[in-house]
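The values are calculated or read from the model by the stated rules, or taken from the named source; none is laboratory data. No experiment lies behind these values; they were computed from the predicted model shown. Because the Cβ atoms are built from the backbone with ideal geometry, glycine has one as well, and the counts that use them run over all protein chains shown. The area values use the complete protein model at the heavy-atom level, side chains included, leaving out ligands, DNA and RNA. Shrake-Rupley method; radii C 1.70, N 1.55, O 1.52, S 1.80 Å.
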Amino acid sequence: MSPAITTLLLLIVSNIFMTFAWYGHLKLGQSGVSTNWPLYVVILFSWGIALLEYCFQVPANRVGFEGNGGPFSLMQLKVMQEVITLVVFVIFSYIAFEGFTLKWNHMLAMVLLIGAVYLVFMK
């Protein structure tokens, strides 16, 4: 598999874990699972998930970085990661949170981020 595809897949998996670490506890609270957990337990739980995120994020950056023979600059890696984060977040939010909606300004923000990807890949 090419380094570009490997990097992209690792970033997607990484961001799935990151989204669960950052926002999954909110859903657990809504469902009553973590309602009585003290904040430090919620933080430790999220850190445990974030550890899995790092297990994919770090290799994605190592494989993808042009300084290590990969196809992407630092800026390209960062902007790709941000857009992947947004896409994963929107999908997660639609699935996990009833009533989640995207408004026109959210859609415009996403278009601008996609524009950032275009700009960062320009030669």
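Numbers below:
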| read-out | value |
| --- | --- |
| Positive-pole candidate from I114, S93, Y23, dipole of the chain, charges at beta carbon | I114 |
| Span from the the stretch 1-19 Cα centroid across to the the stretch 36-75 one, whole angstrom | 10 |
| Unit charges on C-beta of K, R, D, E only; dipole of the chain, Debye | 120 |
| Phi to ³J(HN,Hα) by Karplus 6.51 cos²θ - 1.76 cosθ + 1.60 over the stretch 52-61, Hz, x for Gly, Pro | 5, 4, 5, 5, 10, 5, 4, x, 4, 5 |
| Choice from L74, L102, L52 showing the highest fluctuation, given a GNM over the chain with Cα pairs closer than 10 Å | L102 |
| Carbon/sulfur fraction of accessible area - the chain, other protein chains in place, 1.4 Å, % | 73 |
| Derived scalar couplings ³J(HN,Hα) [the stretch 66-76; Karplus, 6.51 cos²θ - 1.76 cosθ + 1.60; whole Hz; x for Gly, Pro] | 4, x, 10, x, x, x, 10, 7, 4, 5, 5 |
| Accessible area per residue, Å², the chain with all protein chains present, probe 1.4 Å | 65 |
| Which of F72, V33, I84, positive extreme of dipole for the chain (C-beta unit charges) | F72 |
